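Undergrad: Structure below; questions to follow.
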């Protein structure tokens with residue numbers, strides 16, 4: 001598989017925005033068209049009425065009745081919805097026809113599933129995944145996937161401007177920020193940074209990784225399989241498989257395999 005970080009995606013429009021951003025902030029467009037582009041992802045009254053009726057009658061209904069209504073009605077909005085999916089109260093959906101949810105997924109109250117974009121595939125959530133209360137999965141014309149049996153705790157933000165892949169059996173503690181929206185260019189001083197475009201490389205978090213509370217994983221980073229990133233770390237470069245990384249910026253301090261005597265402990269020197 002080609003590593004997306006080797007071939008970054010660039011936004012170079014005159015105002016540095018994506019095509020969708022330009023469309024939804026067009027002063028000459030109608031408010032209804034803007035709403036359809038931003039929220040529904042399709043033009044036309046059929047898609048609009050379908051979304052509005054289902055969300056109006058199901059999104060905010062509390063208790064077991066609400067869970068039942070969402071399980072029955074949201075199948076008509078998603079690209080795919082598996083068996084035994086639980087969707088909490090007040091979950092926000094954008095471009096739901098680009099969202100796929102496999103069996104046994106739990107999405108807690110007030111989470112956001114935002115698959116918006118012009119050319120992207122959207123969001124795929126694997127089997128038996130838990131998405132915590134108030135957490136946000138947000139696409140900016142990018143793709144976002146979460147592997148089977150992973151657990152995203154409350155108040156996390158995972159953003160994708162290109163490709164963000166979270167593997168299987170990943171633990172992500174509360175208040176983590178996966179910054180897959182890229183970096184703004186800042187080479188010039190004669191125009192605002194917002195007009196200089198962006199470079200987006202993508203993020204991969206390997207199977208079995210554990211991301212501690214309050215961690216930020218920056219664009220262009222690969223976190224290896226079964227790695228541990230300590231709470232509050234800022235990950236600015238790759239973390240190898242089975243490594244333990246802590247600090248700001250995160251530094252590798254150990255190899256988990258050393259505990260079994262298979263691999264020597266690797267101490268961070270700041271020179272690699």
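Each row is one residue, and each column tells you yes or no for (1) crowded, with 23+ Cβ neighbours inside 10 Å; (2) at pLDDT 95 or above; (3) in contact with a strand residue (DSSP E or B) (Cβ under 9 Å, 6 or more places away or on another chain).
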position: 104; (1), (2), (3): no, yes, yes
position: 114; (1), (2), (3): yes, yes, yes
position: 119; (1), (2), (3): no, no, no
position: 125; (1), (2), (3): yes, yes, yes
position: 137; (1), (2), (3): yes, yes, yes
position: 140; (1), (2), (3): no, no, yes
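Undergrad: Just for segment 97-115: of the residues that are part of a strand (DSSP E or B) and out of contact with any helix residue (DSSP H, G or I) (no Cβ under 8 Å at 6 or more places or on another chain), which one is nearest to residue 133 (Cα to Cα)?
TA: At the first step, the residues of segment 97-115 found to be part of a strand (DSSP E or B) are 99-101, 106-107, 112-114.
With the extra rule that they be out of contact with any helix residue (DSSP H, G or I) (no Cβ under 8 Å at 6 or more places or on another chain), the set shrinks to 99-101, 106-107, 112, 114.
Details: 99: 18, 100: 19, 101: 17, 106: 10, 107: 7, 112: 9, 114: 15 Å.
Step by step, filter segment 97-115, then rank; the result is 107.
Undergrad: Further question: When the residues of segment 191-202 are filtered to those that are out of contact with any strand residue (DSSP E or B) (no Cβ under 6 Å at 6 or more places or on another chain) and assigned to a helix (DSSP H, G or I), which remaining residue is nearest to residue 137 (Cα to Cα)?
TA: Of everything passing the filter in segment 191-202, 194 is nearest to residue 137 (Cα to Cα).
Undergrad: Hey, any hits in segment 186-201 for a residue that's at pLDDT 95 or above and crowded, with 19+ Cβ neighbours inside 10 Å? So that I can check it myself, show each step before the final result.
TA: Filtering segment 186-201 for residues at pLDDT 95 or above gives none.
The answer is no; no qualifying residue exists.
Undergrad: Moving on to the next point. Cβ-Cβ below 7 Å, separation at least six or inter-chain, first residue in segment 171-197 and without any contact (Cβ under 8 Å) to a residue 60 or more places away in the chain, second in a helix (DSSP H, G or I): which pairs?
TA: 186/193
Undergrad: Also: I'm checking my understanding of the structure. Among residues of segment 165-190 that are touching a helix residue (DSSP H, G or I) at 6+ places or on another chain (Cβ under 8 Å) and in a loop (DSSP other than H, G, I, E, B), which one is nearest to residue 142 (Cα to Cα)?
TA: Here the residue is 185.
Here is a yes/no grid of residues against (1) under 29 Å from residue 149 (Cβ atoms); (2) out of contact with any helix residue (DSSP H, G or I) (no Cβ under 9 Å at 6 or more places or on another chain); (3) modelled with pLDDT of 95 or more; (4) part of a strand (DSSP E or B):
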{"position": "204", "(1), (2), (3), (4)": "yes, no, yes, yes"}
{"position": "245", "(1), (2), (3), (4)": "yes, yes, yes, yes"}
{"position": "257", "(1), (2), (3), (4)": "yes, yes, no, no"}
{"position": "263", "(1), (2), (3), (4)": "yes, no, no, no"}
{"position": "268", "(1), (2), (3), (4)": "no, yes, no, no"}
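Undergrad: Which members of segment 49-71 meet the condition of being surrounded by 11 or more Cβ atoms within 10 Å (Cβ to Cβ) and either without any contact (Cβ under 8 Å) to a residue 12 or more places away in the chain or closer than 15 Å to residue 94 by Cα (or both)?
TA: 50, 51, 52, 53, 54, 55, 59, 68
Undergrad: So, one more: Within segment 142-159, how many residues are more than 13 Å from residue 175 (Cα to Cα) and either crowded, with 21+ Cβ neighbours inside 10 Å or touching a residue at least 24 places away in the same chain (Cβ under 8 Å) (or both)?
TA: 8
The values are calculated or read from the model by the stated rules, or taken from the named source; none is laboratory data. Every value quoted in this text rests on a predicted model; they were computed, and no experiment measured them. Cβ: placed from backbone, ideal geometry, glycine included. Neighbour counts: every protein chain shown.
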